[in-house]
Amino acid sequence: MKECSTCAGCFDDQAQFCPTDGNRLVDTLPGSRILDGRWQIERVIGVGRHGSIYEATDLAESRPAFVKTLLPTLFRDPSALQMFNYDVERLREFSHSNAGTVYAGGQLANGGAYLAGEFIAGPLLRTVIEEDGMLTVARAVRIAIGLADALAAAHAKGLLHRDVKPDNIFILRNGIVKLTDFGIARAAEFEESNLTKTGIMMGTLNYVSPEQLQDAKSVDHRTDIFSLGIVCYEALSGSMPFTADGIAATIVKIISQEERPLHI
């Protein structure tokens, strides 16, 4: 598959130039832009630490969808893909009005994997916080209730999120909140070294629970509750409860110190 770096459109391998703007296309995912004969990749939405996110069309159901690709480095351990597929099957059976729906997942030709699910149109909570600053108590409470309901339902089925943060939370036009990216964070646990794990965690460090920093494989539902509390703190104050210069100092604060009191 090839992509246009200007319009973010995606095209088949044989294409050389973008039909929209004439720019030369660049190679990205090997193979066709139609994954597993079902998911037609339309355009790039964003690029994250673990891979890329695409807007897609579910050809089997004639509906919009998202496809998130995961880097091959997350699946160096032979058991990682098996665990990922297991998580996908469990997530397909999970449905909640405040959680993004997972449709399917699979392996990519480059050794990575992909997850396909409900396409959600709406701003991220991260964007809302950046544009509006501190949220009102009433608005923050409505958002928190929706997220807590989704997490409670997931936890009742033995599902953990592990990466609750404003970048994974959509706010729909009708005010409904949607938590996405269930099942993505656990794939990172199979990285080869603790150093690599720390590198992956850099962007979400401020939302990670102390127990997840100390032993990610032994966490339970309380790690998501902690992260939800951090999200609420940020939404209400516009700041983070644990701040320090550098990764190591921030980790020490999260593990060993009390949070700064919340003033609203």
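A few notes on this one:
- Inter-residue pairs, beta-carbon under 8 Å, first farther than 15 Å from A104 by Cβ and without any contact (Cβ under 8 Å) to a residue 60 or more places away in the chain and in the range 50-68, second small (G, A, S) and open to solvent by 20 Å² or more (accessible area, probe 1.4 Å), 6+ apart: S52/G46; I53/G46
- Residue within the range 185-207 that is surrounded by 14 or more Cβ atoms within 10 Å (Cβ to Cβ), in a loop (DSSP other than H, G, I, E, B), modelled with pLDDT of 80 or more and not charged (D, E, K, R) present: no
- Pairs are defined by a Cβ separation below 7 Å, a sequence spacing of at least 6 or placement on different chains, a first member in the range 223-242 that is over 16 Å from L124 (Cα atoms) and in a loop (DSSP other than H, G, I, E, B), and a second member that is at pLDDT 90 or above and open to solvent by less than 20 Å² (accessible area, probe 1.4 Å); the pairs so defined are M240/E234; P241/I230.
- Among the residues of the range 1-32, those that are open to solvent by 50 Å² or more (accessible area, probe 1.4 Å), part of a loop (DSSP other than H, G, I, E, B) and either without any contact (Cβ under 8 Å) to a residue 24 or more places away in the chain or in contact with a helix residue (DSSP H, G or I) (Cβ under 8 Å, 6 or more places away or on another chain) (or both) comprise S5, T6, D12, D13, Q14, Q16, P19, T20, D21, N23.
- Scope the range 33-50; condition surrounded by 13 or more Cβ atoms within 10 Å (Cβ to Cβ) and on the phi > 0 side of the Ramachandran plot; matching residues: D36
- Filter result for L160 (surrounded by 21 or more Cβ atoms within 10 Å (Cβ to Cβ) and out of contact with any Asp or Glu (no Cβ under 7 Å at 6 or more places or on another chain)): no
- Condition met for A109 (within 23 Å of L74 (Cβ to Cβ) and either more than 18 Å from the chain's Cα centre (by Cα) or among the basic types (K, R) (or both)): yes
The values are calculated or read from the model by the stated rules, or taken from the named source; none is laboratory data. Keep in mind that what you see is a predicted model, and the values were worked out from it rather than measured. Cβ atoms come from the backbone with ideal geometry, glycine included; neighbour counts cover every protein chain shown. Keep in mind that these areas ignore ligands, DNA and RNA; they rest on the heavy atoms of the full protein, side chains included. Shrake-Rupley method; radii C 1.70, N 1.55, O 1.52, S 1.80 Å.
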